[in-house]
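The values are calculated or read from the model by the stated rules, or taken from the named source; none is laboratory data. The shown structure was predicted, so the numbers you read here are calculated from the model rather than taken from an experiment. Note that each Cβ is placed from the backbone with ideal geometry, even for glycine, and that neighbours are counted across all protein chains shown. Surface accessibility is based on the protein's heavy atoms, side chains included, excluding ligands, DNA and RNA. Shrake-Rupley method; radii C 1.70, N 1.55, O 1.52, S 1.80 Å.
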Amino acid sequence: MLRFRSAGPDDADRVAMLHADSWRRHYRGAYADSFLDGDIETERRAVWSTRLAAPAGTATILAETEDGQLAGFVHVAFDHDPKWGSLVDNLHVQNAQRRTGIGTQLLARAGQAVLTSANSNAIYLWVLQQNTAAQQFYLATGAANVETAPVPPPGGDPARLNGAPDCFRMAWPDATQLASLGK
């Protein structure tokens with residue numbers, strides 16, 4: 001049984017650790033090995049400490065197991081783009097918990113949050129071109145692949161990228177579609 005709740009400042013370390021682990025597992029090839037093998041926990045901890053201390057205009061939702069372990073999280077920035085709507089900036093699930101429905105439940109909660117807190121019902125995210133499993137997941141939830149763009153370098157440092165990878169904008173015109181997932 002999972003419990004879902006809003007993240008707070010005290011959750012920054014756990015969120016950062018899961019985020020770093022997910023990047024290491026799924027972003028190889030797009031992000032430089034030297035970056036992924038470095039101290040990305042500290043870099044991610046700084047990002048999440050800031051985000052969770054001042055969450056205005058965003059929602060971060062955690063999925064926790066019965067014993068309080070972090071199983072996954074989703075982070076949404078409301079009304080991020082005038083055309084595409086709210087940005088699902090992060091959706092990560094513990095590797096051992098993948099393919100158990102947690103990602104679907106988190107995406108549904110992201111949709112609910114957009115319907116409740118955003119001005120536009122549109123919602124989108126960016127996914128690495130190489131991350132075909134995630135692309136298939138998003139397409140199965142009704143997303144459309146609407147655009148290709150260069151991957152922005154983490155922290156604005158091009159040395160953190162491996163070459164010039166691309167990412168796809170996956171979009172849902174109405175978050176109602178997501179909010180009803182799993183019902």
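Numbers at a glance
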item: Dipole axis of the chain (+1 Lys, Arg; -1 Asp, Glu on Cβ), positive-most option in L52, L128, S34; result: L128
item: Distance from the stretch 125-143 to the stretch 29-66 (C-alpha centre basis), Å; result: 20
item: Fraction of antiparallel bridges per DSSP, the chain only, in percent to nearest 5; result: 90
item: Environment charge at D11 (Cβ cut-off 15 Å; Lys +1, Arg +1, Asp -1, Glu -1); result: +2
item: Most to least packed among 73-79, 24-30 [average Cβ atoms within 10 Å]; result: 73-79, 24-30
item: Simple spin-label estimate for R24 and M1 in nanometres, 7 Å along Cα-Cβ; result: 3.3
item: For the stretch 63-156: Kirkwood Rh in Å [reciprocal of mean 1/r, alpha carbons]; result: 14.3
item: Square roots of 5 times each gyration tensor eigenvalue, C-alpha, the chain, largest first, Å; result: 23, 20, 16
item: Point-charge dipole on Cβ atoms (K/R +1, D/E -1) for the chain, about Cα centre, debye to 20; result: 420
item: Accessible area of the stretch 29-183 belonging to carbon and sulfur atoms, whole % at 1.4 Å probe; result: 49
item: Theoretical ellipticity at 222 nm over the chain - DSSP helices of four or more residues, -39500 (n - 2.57) apiece, nearest 500; result: -10000 deg cm²/dmol
item: Mean separation of Cα contacts under 8 Å, 6 or more apart, over the residue count of the chain: relative contact order %; result: 22
